[in-house]
Amino acid sequence: MQPYKGKIIYFPQYLDLSQRKLILQKNMNDANLIEEEYVWTDLSRIDLNALSENQYSSLFLGDESYAGSENFIKMNKIVKDIFEKDYVLPCHNIKGAWNLVIKTFEKYPNHQLAIFFYNPFEHFHLTNLINYYKIPYSTNANNSLSNGSQNQNNLISILMLNSVEIFGYGDITKLVENIRDRSALMIGDFSSIFSLTRADLNKIKHLSKLFDVIVIDACFDLMCNNGAILVTNDFKYYEYLTEWVVAFEGLHTYGGLAGRDMEVINAGLIEAQNQQMWEYKFNSMGFLYNNLKHLSSKHSNFKLTDSYTPHYFYISHKDPNINNTLFIIGQVRGYNLDNHLFIFLPSRRYQKQNLELFLDTFERYLSDPNITNIIDPRQYVSHNFKGIEIIQLFSFERREQVLKEAGYNTFLIPASEVYIDFLTDSGTSSISDEQWSKAILYDQKRAYNLLRDSIQEVFGFEYFLPTHQGRAAEHILSQTMIKPSQYVINNMYFTTTRFHQEYAKGIFVDLIIEEAYKPEVYHPFKGNIDVDRLVDFIEKNGKEKIAYVCVENNVNMAGGQPVSLDNLKQIRKICDHFGIPLVLDATRIAENAFFIKEREQGYQDKSIKEIIREIMSLADAATISAKKDPLTNISGLILVRSQELYKQMVKMLNIFEGEYYNGGLAPRDIAMLAQGILEMTDFYYLKNRIEQVRYLGNLLKQNNIPIVEPIGGHAIYLDAKRFLEHIPQDEFPAQTLAAYIYLYGGVRTMERGIVSAGRDPKTGKHKYPELELVRITIPRRVYSKEHMEYTCQVIKSVYDIRHEISGLNIVYEPPFLRFFTIRFEPIKQIVKLKT
């Protein structure tokens with residue numbers, strides 16, 4: 001199970017066939033040289049790791065003092081605790097580290113240097129370095145020191161080890177001790193010591209004692225993008241090393257690294273102790289290795305190594321153009337060197353779909369060497385991870401206690417106790433590198449101008465106001481446009497939308513089509529308003545009694561169901577006829593546009609941006625919670641055509657939010673919103689997002705778990721009435737189901753049923769909505785295919801014991817919007833997890 005989720009993402013650059021050939025030609029027909037931005041799945045380097053959020057924060061904690069920086073002092077302490085050695089030297093990278101090792105060795109007469117290696121790729125570089133210094137060496141497959149010539153004292157022996165010898169360290173102990181008896185200086189490559197030992201610190205400490213010097217490439221187990229460390233307990237050797245550090249690297253306390261780079265390494269040393277990380281990395285590499293081995297087994301020109309490490313293996317081949325061909329076919333590559341194609345798997349960067357892309361490209365290469373059919377990598381994955389957040393699954397007993405303390409309300413569970421968080425897609429998106437760059441670059445005035453340009457380009461509105469989030473936009477628009485006792489016609493309710501309409505003393509009216517209330521019934525546009533009922537309602541009540549018609553795109557409470565453009569055009573005509581404003585809740589307008597492109601006749605060849613512009617052209621005003629489709633963690637928008645309404649809203653904005661140019665937001669958030677509005681219109685991003693949601697929905701359907709159909713854009717909705725059909729609605733079946741899904745797997749979802757509907761303000765009794773749902777909301781660009789598979793397993797485990805589950809009683813209830821803070825207790829004892 002993938003023990004991390006996306007935090008920062010980036011988009012590779014898609015190339016058509018002619019562009020791929022041109023890029024290859026510009027790089028001297030050597031795929032090794034192609035810029036990384038053009039490679040969709042880049043298995044050519046190990047330093048392409050995605051940094052964790054702790055490592056990224058470390059970039060801002062760098063002490064850039066020339067001597068004695070805090071980062072170096074911290075590194076000394078962490079390294080000493082792990083390896084129990086006193087002297088540490090940072091280096092700018094592994095090549096710098098090996099240069100220091102070899103130069104220092106020259107000062108050791110009458111010694112042999114025994115270097116224990118398991119990485120043949122670095123062996124190529126090391127032997128080039130040794131040859132440059134003209135030092136005799138031997139590489140011994142039988143792990144014994146070469147005698148060399150009788151008069152040659154300085155002889156280097158490189159001993160190739162495999163992962164088995166690291167796991168079963170009794171053999172390596174005997175081997176090292178035997179060599180030590182021959183006065184050899186022991187050098188150990190510990191770049192993958194954490195992964196190969198599964199972060200067994202006792203084993204690491206034991207192995208550390210066997211070696212005089214430890215060399216660590218920070219790009220392997222420490223999951224950094226640069227840097228290396230030399231560690232020793234031999235003060236004399238350390239003295240020799242420091243002499244060469246000053247000559248080749250920098251001062252001995254920074255060794256050619258910025259303070260921030262050392263702090264990233266420090267965070268990596270801590271994270272490398274995560275055993276779940278290495279179990280997952282081995283499984284990922286095993287998936288890639290075993291599939292490539294199967295594909296290669298029928299071709300005598302290809303042979304894989306006998307085993308793999310969590311970071312690499314290589315393919316021996318006879319085709320000098322193999323890497324170039326892989327790039328042409330699928331925009332993927334390994335690293336080609338001397339008839340070996342090295343396959344490196346950077347940590348935490350790629351999803352399973354990236355590996356599937358590489359495998360399909362390799363298979364097509366074997367079956368179609370003439371490249372008559374290339375692959376579009378956007379069909380596999382739209383983005384790659386650049387930064388990640390580590391997640392942790394705690395024990396059932398701990399989850400049970402956490403759930404009890406939260407009053408069986410998933411909103412009250414601390415996020416740190418959640419393994420996979422499907423509570424909401426609001427503000428939980430992964431931010432792109434372009435959004436971060438805009439956030440850093442733009443000041444307040446320029447950020448507003450950037451937002452203005454994006455809004456005009458995508459939405460086509462002249463007047464707009466930023467707000468701190470969507471409910472603030474709903475508040476201002478409702479207070480401005482609703483008079484007391486006016487009706488507001490909606491397509492189903494959303495909690496905060498309805499609250500603000502009623503808070504403005506309006507009367508909420510739901511005129512969504514009947515199919516929206518039938519989870520098992522297919523309709524391509526369940527979000528549509530019933531236009532006959534709309535006309536009838538206006539004629540019966542009078543147009544002056546209608547504040548506006550409010551249409552939500554991709555209706556949340558109906559299961560993420562879209563509205564058709566044909567329906568919107570009909571509503572627009574009705575509104576024009578009666579002189580009633582049409583307002584959109586355009587929070588999920590991009591997802592709605594995707595469904596229109598997919599399902600509505602005449603729009604298949606339209607771009608997402610064109611469809612959004614057409615939707616928006618029908619509206620007099622719109623509110624947007626920009627924490628959804630526009631891919632921000634905070635912010636909202638009001639869009640309005642009337643200058644008079646705009647002026648009224650500016651006054652309210654000044655009272656409740658901020659200035660017209662920021663709405664209470666920091667400039668960085670305004671800039672992120674501007675970029676996010678552009679990114680949300682990318683068809684392949686939307687396709688990948690919605691297909692991820694569908695993947696989970698189809699897995700659940702295969703296990704006979706009842707869900708709302710058709711599968712919507714942002715979430716899967718479990719039908720709690722059918723899932724827990726024995727629990728009456730006033731015992732809160734959806735709330736109960738959400739609690740059990742967390743209890744059984746650490747997956748947080750949320751109730752969308754009787755609890756969310758609240759109480760009738762006049763009678764004080766529960767409102768009984770037709771739909772009693774649990775929403776599994778998928779954050780944008782955050783989770784992977786494997787998280788969907790795990791979630792299905794958890795829900796299936798709850799489904800298997802559904803008849804044993806009892807409902808809940810309320811023990812505390814707030815006066816309104818109760819679902820956020822309400823508390824419950826089980827009617828009967830909780831059903832324990834059986835497996």
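The values are calculated or read from the model by the stated rules, or taken from the named source; none is laboratory data. Note that this is a predicted model, so its numbers are computed, not measured. We place every Cβ from the backbone using ideal geometry, glycine too, and count neighbours over all the protein chains shown. Only protein heavy atoms, including side chains, enter the accessible area calculation; ligands, DNA and RNA are left aside. Shrake-Rupley method; radii C 1.70, N 1.55, O 1.52, S 1.80 Å.
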Answer with yes or no whether VAL101 is open to solvent by less than 50 Å² (accessible area, probe 1.4 Å), at pLDDT 95 or above and outside any loop (DSSP other than H, G, I, E, B). no
Odd one out for ALA590, checked against (1) open to solvent by 10 Å² or more (accessible area, probe 1.4 Å); (2) in contact (Cβ under 8 Å) with a residue 24 or more places away in the chain; (3) assigned to a helix (DSSP H, G or I): (1)
Cβ-Cβ below 6 Å, separation at least six or inter-chain, first residue in the range 809-835 and modelled with pLDDT of 95 or more, second open to solvent by 60 Å² or more (accessible area, probe 1.4 Å) and among the hydrophobic types (A, V, I, L, M, F, W, C): which pairs? ASN809/ILE827; ARG823/VAL811; GLU825/VAL811
Residue selected from the range 132-150 under the condition exposed (fewer than 11 other Cβ atoms within 10 Å of the Cβ) and modelled with pLDDT of 80 or more, by the criterion farthest from the chain's Cα centre (by Cα): LYS134
Could you identify the single residue in TYR695, TYR790, TYR684, TYR783 that is within 17 Å of the chain's Cα centre (by Cα), within 23 Å of ILE413 (Cα to Cα) and open to solvent by 20 Å² or more (accessible area, probe 1.4 Å)? TYR790
Taking the range 747-770, which residues are in contact with a strand residue (DSSP E or B) (Cβ under 7 Å, 6 or more places away or on another chain) and buried (at least 22 other Cβ atoms within 10 Å of the Cβ)? VAL747, ARG748, THR749, MET750, GLU751, ARG752, GLY753, ILE754
Counting only residues that are modelled with pLDDT of 95 or more and more than 30 Å from the chain's Cα centre (by Cα), give me the helices (runs of 4 or more DSSP H) lying completely in the range 1-96 with at least 1 of them. 17-26, 70-83
When (1) over 39 Å from the mean Cα position of the chain (by Cα); (2) farther than 20 Å from VAL563 by Cα; (3) open to solvent by 10 Å² or more (accessible area, probe 1.4 Å); (4) in contact (Cβ under 8 Å) with a residue 40 or more places away in the chain are applied to ARG471, the one that fails is (1)
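Residues checked against (1) surrounded by fewer than 16 Cβ atoms within 10 Å (Cβ to Cβ); (2) touching a helix residue (DSSP H, G or I) at 6+ places or on another chain (Cβ under 9 Å); (3) among the aromatic types (Phe, Trp, Tyr):
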residue	(1), (2), (3)
SER485	yes, yes, no
VAL488	no, yes, no
HIS500	no, yes, no
PHE508	yes, yes, yes
GLU514	yes, no, no
VAL521	yes, yes, no
ILE529	no, yes, no
ASN553	no, yes, no
Quick check, is ALA50 aliphatic (A, V, I, L, M) and either open to solvent by 10 Å² or more (accessible area, probe 1.4 Å) or closer than 19 Å to MET277 by Cα (or both)? yes
Can you spot a residue in the range 743-752 that is in contact with a Leu (Cβ under 9 Å, 6 or more places away or on another chain) and at pLDDT below 95? yes
Is it the case that SER284 is open to solvent by less than 20 Å² (accessible area, probe 1.4 Å) and either of a type in the set (Ser, Thr, Tyr) or under 19 Å from TYR350 (Cβ atoms) (or both)? yes
So GLN55 ticks every box in (1) surrounded by fewer than 15 Cβ atoms within 10 Å (Cβ to Cβ); (2) in contact with a helix residue (DSSP H, G or I) (Cβ under 6 Å, 6 or more places away or on another chain); (3) among the polar types (S, T, N, Q) but one. Which box is left unticked? (1)
